[in-house]
Amino acid sequence: MATLNVSVTASTDDGNYACVSGTNFQPTNTYVTFGLAGGGIIHGTWMRFLNVTIPQGSTISSAVITFVSSSNFSGTVCDVKINCEDADNPVAPTTAADARGRARTSNTLWNGLGSWTTGTSYATPNFSASLQTVINRVGFASGNAIQVFIDDNGSSSGATRQPASWNHATYAEPALDITYDLVGQPTVVRFQGVFGNPFNQFPFGAS
């Protein structure tokens, strides 16, 4: 079992956008937004994590993003969904339409988010199945980027959450923690005393 911890490392590698329709696109705010704003904008967030040094085909057992809330939020009901971009080495989106048009893996649901308090850390559910789809891609290679989207999924009006982005001066940017099993690790089997062989060798010249 191995672990990898990576964070957003550039201003335009996280932000929020109108995830259903419209042109609202904010790559340089001090926070990112997901949920349904009171003004009717349905928000989604993207986060791009560089240098994901996991070998192609490894088995992902856990993938979780930790956020720090930029303010106090209590609007309910806040329901969102988590996807990875289904691409080998994605670049950050440059418009809302670009973000909406990216190919996505299956959803991991994050429903009924509770109240958030300024400066407190909150973690997503485990979205390992979504990430596994990317790691299994033939073109994925260790060191490539991973892009994660968190989009509104039927929240009530005014139910948003706004964690700190890379641009925040006080609170940490989104951080991705992955636990995985390395692909291709050898399995060692020891045969002891097979047919009385004192050297623990395979009998009859087997290898």
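The values are calculated or read from the model by the stated rules, or taken from the named source; none is laboratory data. Predicted model, so just to flag it, every value in this text is computed and none were measured. FYI the Cβ positions are ideal-geometry reconstructions off the backbone, even for glycines, and counts take in every protein chain you see.
Worth a mention:
- Members of the stretch 35-47 found to be closer than 15 Å to P93 by Cβ and hydrophobic (A, V, I, L, M, F, W, C), listed by number: W46, M47
- Selection of the stretch 142-162 for residues being surrounded by 20 or more Cβ atoms within 10 Å (Cβ to Cβ) and out of contact with any Asp or Glu (no Cβ under 9 Å at 6 or more places or on another chain) yields I150, D151, R161, Q162.
- Within the stretch 1-30, the residues that satisfy the criterion of being over 20 Å from V91 (Cα atoms) and not in a loop (DSSP other than H, G, I, E, B) are A2, T3, L4.
- Checked against (1) at pLDDT 75 or above; (2) in a helix (DSSP H, G or I), F204 passes all but a single condition, namely (1).
- The number of residues in the stretch 83-99 that are farther than 13 Å from S130 by Cα and crowded, with 18+ Cβ neighbours inside 10 Å comes to 5.
- Qualifying position, being free of Cβ contacts under 8 Å to residues at least 60 places away in the same chain and within 24 Å of A87 (Cα to Cα), among N51, N16, N5: N16
Here is a yes/no grid of residues against (1) crowded, with 22+ Cβ neighbours inside 10 Å; (2) touching a strand residue (DSSP E or B) at 6+ places or on another chain (Cβ under 9 Å); (3) of a type in the set (A, V, I, L, M, F, W, C); (4) at pLDDT below 95:
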residue	(1), (2), (3), (4)
N5	no, yes, no, no
T12	no, yes, no, no
H43	yes, yes, no, no
G57	no, no, no, no
S62	no, yes, no, no
